[in-house]
């Protein structure tokens with residue numbers, strides 16, 4: 001009988017060497033591998049697999065039909081009967097049965113892919129007990145009886161009612177419902193193994209595994225001899241292994257153990273004792289402390305060093321500063337080696353680091369990134385990265401801080417917390433005026449509200465008066481009713497013009513008072529008045545929430561009034577705080593910028609808008625929601641800060657306290673000190689100017705009516721105007737004189753003759 005032909009493996013020298021490396025291993029013939037199955041268990045396995053698939057399809061169809069019927073999408077005699085029985089027994093839990101069937105079908109149909117899943121009977125029982133306890137809680141909460149259960153309209157069904165009824169009889173329906181709900185929640189936690197998963201996650205986060213650093217290709221060991229391999233590897237298909245992604249393999253290893261130090265540690269000061277005439281700080285809310293994530297800080301520091309190193313810039317992160325919204329990393333530039341000698345090395349230029357802002361943002365996955373190069377007064381570059389969680393800055397801790405008490409000024413205003421968490425405070429008397437600009441919803445109105453709240457918390461109405469202008473009519477109107485207000489919050493554009501006109505007049509009147517008293521400024525004037533037992537002048541702060549509306553309606557008049565106040569009002573105790581959401585050159589003109597050296601920039605759309613406000617870029621990289629850049633003329637470099645948030649509840653409490661503790665005769669005291677000012681809350685000091693303007697406008701309307709009448713009748717007399725225009729005789733006589741002054745009618749002729757009318761002759765000349 002001839003021998004069957006068998007396939008043989010090609011024999012080259014390499015295969016011989018690999019096969020002969022181990023004499024214990026013998027290759028199998030290929031014919032044994034390709035032989036058909038000779039036993040019946042293979043066919044039996046296929047048959048069993050077919051029945052499992054059929055069971056999975058059946059469960060899938062049954063669960064899908066029951067789910068549609070339970071949701072009311074389909075009906076049938078048999079289906080409705082089954083659903084009715086499920087409703088009697090399980091209530092709303094009848095929808096869990098179709099879901100369980102669909103889950104079982106999915107497990108059967110994908111059993112090969114889900115072979116590694118581990119199902120434990122104990123956890124399944126715990127989950128089922130949790131479902132039953134939940135049904136009992138629903139039944140107890142609904143206070144169901146047996147009649148509702150038998151009709152199939154209950155929440156918990158017969159099972160839920162059976163579990164809840166004994167507890168309801170013993171302890172009542174409210175404790176029974178709560179007890180069963182808590183029991184169900186605990187059973188679900190144990191059934192789904194939540195505690196073990198949380199513990200495993202916590203251990204994984206707490207464990208510090210050493211990072212695997214990448215080995216340079218040149219340092220790999222060279223292979224001089226072939227590696228012995230099993231001969232079976234020749235016949236088995238090669239298993240392709242995917243390379244693991246390099247997530248943090250290239251990060252420096254020392255950052256896993258090394259902990260960076262805080263560059264600036266926030267210090268808590270001792271708050272000054274407040275006067276009994278001022279509101280207590282307990283009216284304001286406290287803030288949560290700033291918590292730093294050390295693991296994230298070290299990882300970001302490593303990424304910064306690695307990214308700069310990839311671009312050929314040696315640098316080292318030497319520390320960090322944690323603020324409410326951003327964390328600033330202190331990066332110390334290194335040296336670039338130019339030769340063998342140390343004298344030939346060159347310091348890294350700061351511009352090289354600043355130009356990599358977008359590359360650093362990409363590596364750090366940061367929404368926005370700002371580089372402060374260099375940090376004022378420091379020997380490093382600051383890279384500011386947004387925090388994952390922003391901390392709300394409150395007013396009370398700032399008023400209690402050492403930075404605030406160190407200023408010791410009645411016009412000290414809070415500006416938030418800087419990138420190191422330190423309170424940022426400034427004095428309005430040294431500014432002496434403030435310009436606030438930024439995009440819509442960036443935090444301008446909130447900043448004005450915080451400044452106003454701080455001023456009224458530290459000053460009585462006798463020492464400080466406020467004038468508020470709000471063309472938007474929604475932000476500053478919350479302060480109506482505050483005793484510090486010198487009249488209501490003005491919202492009409494035409495009235496606002498007269499308010500600015502009144503402010504200029506009040507400034508000139510105060511200068512006359514200082515001249516008569518031989519005083520240099522408001523402080524010296526008040527000191528002399530106090531020695532002479534005379535009322536003193538209060539400080540006056542004018543707040544404008546939206547400058548763009550005023551500049552669009554009357555730019556010349558508004559700019560003239562603001563510039564005059566900004567140039568001269570400081571000495572007499574008048575200060576301006578204006579805000580705008582349009583930082584363009586037609587609103588924030590060069591003349592206004594020159595007289596408002598202190599500015600605050602919130603987030604803007606482009607670097608052009610940032611240069612309009614600050615004369616430099618940077619505001620376009622802010623995060624919004626109170627993130628700001630503060631420019632003071634004494635510093636010269638913008639300082640980043642997270643603004644203060646004062647809630648409506650805090651503001652209401654402060655206003656209510658002042659209304660309850662302000663004497664009724666306080667406005668009369670201030671009225672006696674200020675020049676031509678009526679401080680009654682129902683009336684404003686600028687009402688007289690507005691009234692005069694209204695009368696002047698009414699006179700012009702009356703003259704126009706008289707001119708139309710003269711064109712039609714050619715008659716001019718006081719009695720005639722009195723009858724035709726329905727005015728009094730003195731008013732008609734004034735009208736005759738006004739028309740004569742303008743050359744419209746001639747002088748009186750006497751003898752009861754009518755005056756000569758020149759309107760017809762003027763029209764003919766024009767023609």
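Rule-based calculations on the coordinates, nothing more; no lab input. Treat the numbers as computed from the prediction; the structure is a model and nothing was measured. So basically every Cβ, Gly included, is an ideal-geometry build from the backbone, and we count neighbours across all protein chains shown.
Only a single criterion out of (1) touching a strand residue (DSSP E or B) at 6+ places or on another chain (Cβ under 9 Å); (2) touching a residue at least 24 places away in the same chain (Cβ under 8 Å) is not satisfied by residue 335, namely (2).
Here is the figure for the range 344-398: residues that are within 23 Å of the chain's Cα centre (by Cα) and within 21 Å of residue 642 (Cα to Cα) total 25.
Residue 530 meets the conditions (1) assigned to a helix (DSSP H, G or I); (2) surrounded by 21 or more Cβ atoms within 10 Å (Cβ to Cβ) in every case but one. The failed one is (2).
Taking the criterion of being under 21 Å from the mean Cα position of the chain (by Cα), touching a residue at least 60 places away in the same chain (Cβ under 8 Å) and under 22 Å from residue 585 (Cβ atoms), the residues of the range 610-629 that qualify are 618, 619, 621, 622, 628. Screening 444, 472, 378 for residues that are crowded, with 24+ Cβ neighbours inside 10 Å and either out of contact with any helix residue (DSSP H, G or I) (no Cβ under 6 Å at 6 or more places or on another chain) or more than 29 Å from residue 612 (Cβ to Cβ) (or both) leaves exactly one candidate, 444.
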